[in-house]
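Trainee: The structure follows.
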Amino acid sequence: MKAILKTITAPLGVMVIGVILTVAANAECGDIQRTKPGASLQPQSWQGIDRSGQASLLQISNDNDNDAIVGFWQVTLTAQGNPGPPDGTVIDKGFSQWHSDGTEILNSSRAPVTGSYCMGVWKKVGRGHYKLNHFALSWDENNNFVGVANIREEVVVSRDGKNYAGTFTLNQYDQAGNTLAHVIGTVNATRITVDTPTGNVL
């Protein structure tokens, strides 16, 4: 029995290090109180001059507009088909937001000391079919930088738009770019709306 536990515990220990999903950043995004005196928001791009002679903001339209993936999700990454962690091992369970501009952010279930936020970019590749390229900065529990982690997902949103499912590949690298861990598995997510009760996400 002890031998079996050692066999399972060792790979899981590697996985704990290998799946630290983080961004330990203090970028103070959106803090308009810190803008310089006299500074003002500037438009990113312009459509031109309308009939009244006033400039109007360009309404950006692309394939991402009104995509089913856009929104707030509770997401679970589960190991499947690995030599290390047993099938069914939950690698991460957190809250993800997919934005209409093609970016994504994940509030991971990793311990905050290792950093619990990471970000990605996504692209629509078919009807209800999306690919995600997601990066994180990983730290150990002693605040030592481990390296970059990369998660790639390929998911399909259900017809009713309430769920998505697919696969993921996670690679954890050290600072020199060597692979410390490689995990594959399944992704499942449930949409969170303004009406979702707390009990549904516990």
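Just so it is clear, none of the values below were taken in a lab; they were calculated from the coordinates. None of the values given here were measured: they were computed from a predicted structure. Note: ideal-geometry Cβ built from the backbone for every residue, glycine included; neighbour counts use all protein chains shown.
Trainee: Placing +1 on the Cβ of each Lys and Arg and -1 on the Cβ of each Asp and Glu in the stretch 63-142, which of Gln97, Asn107, Tyr117 has its Cα farthest towards the positive end of the resulting dipole?
Mentor: Projecting each Cα onto the dipole axis, the largest value belongs to Gln97.
Trainee: Classify the stretch 154-196 as rounded, prolate or oblate from the Cα gyration tensor: take a ≥ b ≥ c as the square roots of its eigenvalues, call it rounded if a/c is under 1.5, otherwise prolate when a/b beats b/c and oblate if not.
Mentor: On the way: a/c = 4.70, a/b = 2.59, b/c = 1.81.
It is prolate, given that a/c is not under 1.5 and a/b is the larger ratio.
Trainee: So how much slack lies between Lys123 and Phe95, counting 0.36 nm per residue of separation and subtracting their Cα-Cα distance, in nm? Walk me through the numbers on the way to the answer.
Mentor: Details: separation 28, 0.36 × 28 = 10.08 nm, distance 1.93 nm.
The Lys123-Phe95 span can extend by a further 8.2 nm.
Trainee: Sticking with this structure for a sec: Rounded if a/c is under 1.5, else prolate if a/b beats b/c, else oblate: with a ≥ b ≥ c from the C-alpha gyration tensor eigenvalues square-rooted, which is the stretch 117-202? List each step's numbers first, then the result.
Mentor: Values: a/c = 2.77, a/b = 1.62, b/c = 1.72.
Oblate is the answer for the stretch 117-202, as a/c is 1.5 or above yet b/c matches or exceeds a/b.
Trainee: For Glu141 and Ala165, compute 0.36 nm times the residue count separating them, minus their Cα-Cα distance, and round to one decimal in nm.
Mentor: 5.5 nm
Trainee: Along the stretch 136-150, what does the Karplus equation 6.51 cos²θ - 1.76 cosθ + 1.60 (θ = phi - 60°) give for ³J(HN,Hα), rounded to whole Hz, x for Gly and Pro?
Mentor: 9, 9, 9, 10, 8, 6, 9, 6, 8, 5, 8, x, 8, 10, 10
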